[in-house]
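A short write-up of the structure that comes next.
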Amino acid sequence: MPPIFIHFIAAQSETGKTTVVEKLLPELKKRGLRVAALKGHLDHYDLDLPGKDSWRFAQAGADVAGITTADSYFLIGSSGGKSGITAAAEILKDIDLIIIEGNKKSNNPKIEVVRSAVNREPLLPENTIAVVTDRGDLKPGIPVIMLDDSAGLAKFIFERFFVSGIGSEFGQDELTHFDTAGRPRMVDVSDKNSTLREAYARGEIVMAPETLIRIMTGDLTKGDVLGVAQVAAIMAVKETGRLIPMSHPLGISAVEVDFRSDQVKTKIEIGVRVKLTGQTGVEMEALTGVSIAALTIYDMCKAVDKNMVIQNIRLVEKKGGRSGHYRREQI
């Protein structure tokens, strides 16, 4: 899975963002995380100034340029039309967490630094998940971590993004689909901001080896099994609000469906990614798309294999909303 992104931001400079990140890094390492720290949203950096050796190498056509010492390295490269952060993330795919200092406009989760001597009030741009401050009286409506509590900040990040099942958009222990009398209800999202939201779900259908071969070679009388299952998944995503009683009808903006065949375990893995800009998440839509795709595969193949098993349908990742970025530990 791709790394988690967190931006450390502030209303202005000299708030101590670099010091906060500097003290946070060893606490995150204690928890076993592989962490990258980047300075973001700069026009240039010293190694890339015209006339520097690394600049000359890049101008000569090197895909990656940089410098190395006996025990360290610094690399720069062309992003090929992508943002520098996106390009860096592709290189850092084995990293668990990428901390970026700066860029208040990013859609990634943000932690804002507020110091009483510099900026007494937080900006709280969209997707701000916590405030780090020296003000004990600050009540921004999201978690507050004191400026000198690096261990507490590391604990917050670890539990938020790397421990399955912790946190929700409305509190960890609240079941929001029931009213105070215990009756079912649809959650009121009227006061929530519309933000970019994304969810990715996976599942699998296990079958006889012969069935998998026939699916992959197109040797079934009902036709292209995976093609039909892909259409079924997209249709199911759009109909989730009708199928799940308390789900909201949503204006879905994108659906991506992927299939992976496993010849050893004789199964097909199904992935569905759903995106929209709205007031509520699309986890149920992604899970429904996976479920219906699996059922469609079963329906198209049941004449030759009634022993197929649909299993392991789960949410893998979600982005956006008050709860920020969630990623399942065991994919």
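Quick check: anything in segment 257-274 among the hydroxyl-bearing types (Ser, Thr, Tyr) and out of contact with any strand residue (DSSP E or B) (no Cβ under 9 Å at 6 or more places or on another chain)? No: zero hits. Just one residue in the set Ile67, Ile95, Ile76, Ile100 is modelled with pLDDT of 85 or more and β-branched (Val, Ile, Thr); that residue is Ile100. Would you check if Glu112 is modelled with pLDDT of 85 or more, under 23 Å from Ile4 (Cα atoms) and among the acidic types (Asp, Glu)? Considered against the rule, which asks whether it is modelled with pLDDT of 85 or more, under 23 Å from Ile4 (Cα atoms) and among the acidic types (Asp, Glu), Glu112 comes out as yes.
Applying the criterion of at least 3 residues that are more than 17 Å from Ser13 (Cβ to Cβ) and touching a residue at least 40 places away in the same chain (Cβ under 8 Å) to the strands (runs of 3 or more DSSP E) found wholly in segment 96-147 leaves 97-101.
The values are calculated or read from the model by the stated rules, or taken from the named source; none is laboratory data. Please read all numbers here as calculations on a predicted model, not as lab measurements. All Cβ positions, glycine included, derive from the backbone under ideal geometry; neighbour counts span all protein chains shown.
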